[in-house]
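Single-structure report; data block below.
The values are calculated or read from the model by the stated rules, or taken from the named source; none is laboratory data. The model shown is predicted, which means the values in this text are computed figures rather than measured ones. In case anyone asks, the SASA skips ligands and DNA or RNA and just uses the protein heavy atoms, side chains included. Shrake-Rupley method; radii C 1.70, N 1.55, O 1.52, S 1.80 Å.
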Amino acid sequence: GMGGPFHSATVSVFSKLIKNFDVKPEPEVKRLFNTFETFSILIFGAIALICFFFPQQVMNIIISQATPELSHLAAYHLRLMSPVILVGALLGLYYGILVTYNKFLLPNIAPSALSLGIILTLIISGGDDNGFYLAIGTTLGALLQFIMQSPMVLKLGYTFKPCFDFFNNKNFNDILELLMPAFLSSTIGQIGIYVDIFFASGLAEGQWTAYGYANRIFQFPTGLMLSALLVPLFPLFSRLVAKKDFDSVRHYFNKGVGSLILVGTFMMIFIFISRVDLISIALERGAFSHSATLMVSEVLFFISLSIIPYMFRDSITRLYYSFNDSKTPFFIAIGSILLKLIFNSILVKPMGINGIALSTTIITLINGTLLAILIRKKISIGYRAFLKQIFKIIACALVTYGIGLGLNYALVGLNSTVILKIVKVVIVFGVTLSIYTLLAHALRIEYLEDVKEKLAAKFLKKKA
């Protein structure tokens, strides 16, 4: 979880500090980069060394109730993967630098190197029963990701020279002020997972696994949309805040978040309609039965309700970071954990694992709402015009959902084979997308043109 906080702190500070992105960085900027990298190497290198030389002691703290066999195996894996602790911090720093310079493609495809390292290691080795090669593959994948990003960072002019200007560098203090609450917020997020595990521990076998599958499916489209539409806006927010150009901040925030919600709403209703077919196509084989598909689809329904709050929360959190404020999101995250305890205790008994999923959606909505209210202390967003467009999007979604659901039932005869299911999903996707787009055009939803322009720009650029 270190990559996110490091990336956010880097973009927020460096976007304001760099005066000309077309030339090599100024000495002050390079000095800040070297100070931050030196700090990261010292702190997280020390943590990595502790985990390498004392893995058993660390595991005894984390999983004190585990069997000796599990504890020893976990310690063994921790030692093999300890370099990832240092590499993860440096990856966040390098990712942030590249995004600051509007280099989006490489940092967004580089994480696939982690999966590639694992896959190649397992293919070459054939795998084993104790996870040795899985741990090795994880470490090699992280190093491969670092190697992929490093040349472009060097090309931008950021060569590393140790610098220990930790106490007299105001810009470095600004990074730390952002980094520590953001890092703690990431930790709070992990605590939220442990809270869910605690409540899921008394449920029937397979329910927590179903939640994990549903969450991975949910993260795929949301991650793509956030990377495509939100990541490019973060450095822009930071630069505009530095110039005190708040009218432009409002304009680009509403435009960016509105585009996210327009696309995200369609993805949500498509998941609602075709989730059983999608899960069946992707996962239903071997021990993964049709009953497992139905279990995952139910959880996915409740998690998918959070697509819009999730995107809004992540978007407005970036706006807080642009104002050098990571404390407000942190304190709201702490409150969210307390609320999660309450909602989980209320919803898990009558709804099972679906209660945990619904609780997550409710907490995400509350989190985003609080952030939306408190941001008004820094800037007026202009929610009235924004909400008018959102109501139009909801109207489009309801009509599209009704038609799409009817079409999905009408094509139930295509459920006999995987190929026919794929044909069915493609037909439903094409028809619902066409209807949704036509309705958005008829209602004059302004974000539609923004999405079209972004897609056209990407398509024409690739074509050229």
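Report the relative contact order of the chain, percent, no decimals, based on alpha-carbon pairs under 8 angstrom and at least 6 residues apart. Can you show the working numbers first?
Working: 529 pairs, mean separation 79.8, N = 464.
Reported as a whole number, the value is 17 percent.
What figure in square angstrom, to the nearest 10, would you give for the accessible area of TYR213 with a 1.4 Å probe?
Result for TYR213: roughly 80 Å² accessible.
Report which label in (i) 54, 29, 19; (ii) 45, 28, 22; (iii) 35, 31, 22 holds the value of semi-axes √(5λ) of the Cα gyration tensor in Å derived from the coordinates of this structure.
Read-out from the structure maps to (iii).
Using the heavy atoms of the protein chains and a 1.4 angstrom probe, tell me the accessible area per residue for the chain in square angstrom.
50 Å²
Could you tell me the distance between the Cα centroids of region 70-124 and region 140-212, to the nearest Å?
About 11 Å separates the Cα centre of region 70-124 from the one of region 140-212.
HN-Hα J couplings of region 89-102 from phi, Karplus 6.51/-1.76/1.60, θ = phi - 60°, integer Hz, Gly and Pro as x?
Result, ordered by residue: 5, 5, 4, x, 5, 5, 4, x, 4, 5, 5, 4, 8, 6 Hz.
Residue by residue through region 133-147, which ³J(HN,Hα) values in whole Hz follow from phi under the Karplus form 6.51 cos²θ - 1.76 cosθ + 1.60 (θ = phi - 60°), with glycine and proline marked x?
So the Karplus estimates, Gly and Pro as x, are 6, 5, 5, 4, x, 5, 5, 5, x, 5, 5, 5, 4, 5, 5 Hz.
Would you work out what percent of the accessible area of the chain, with all protein chains in place, is carbon or sulfur (probe 1.4 Å)? Present the calculation step by step, with values, prior to reporting the outcome.
Working: 15920 of 23110 Å².
Taking all protein chains in place, the chain shows 69 percent carbon and sulfur surface.
What ³J(HN,Hα) values, in whole Hz, does the Karplus curve 6.51 cos²θ - 1.76 cosθ + 1.60 give for region 385-397 when θ = phi - 60°, with x put for Gly and Pro?
Result, rounded to whole Hz: 5, 5, 5, 4, 5, 5, 4, 5, 4, 4, 4, 4, 5.
Give the lysines whose C-alpha is closer than 26 Å to that of LYS161, dropping any in the same chain fewer than 8 places away, or say none.
LYS16, LYS19, LYS24, LYS30, LYS103, LYS170
Could you work out the helix-only [θ] at 222 nm for the chain, with each DSSP H run of four or more residues adding -39,500 (n - 2.57) and the total divided by the number of residues, to the nearest 500 deg cm²/dmol? Numbers along the way, then the final one.
On the way: 19 runs with 371 residues, N = 464.
Calculated at 222 nm, the ellipticity per residue is -27500 deg cm²/dmol.
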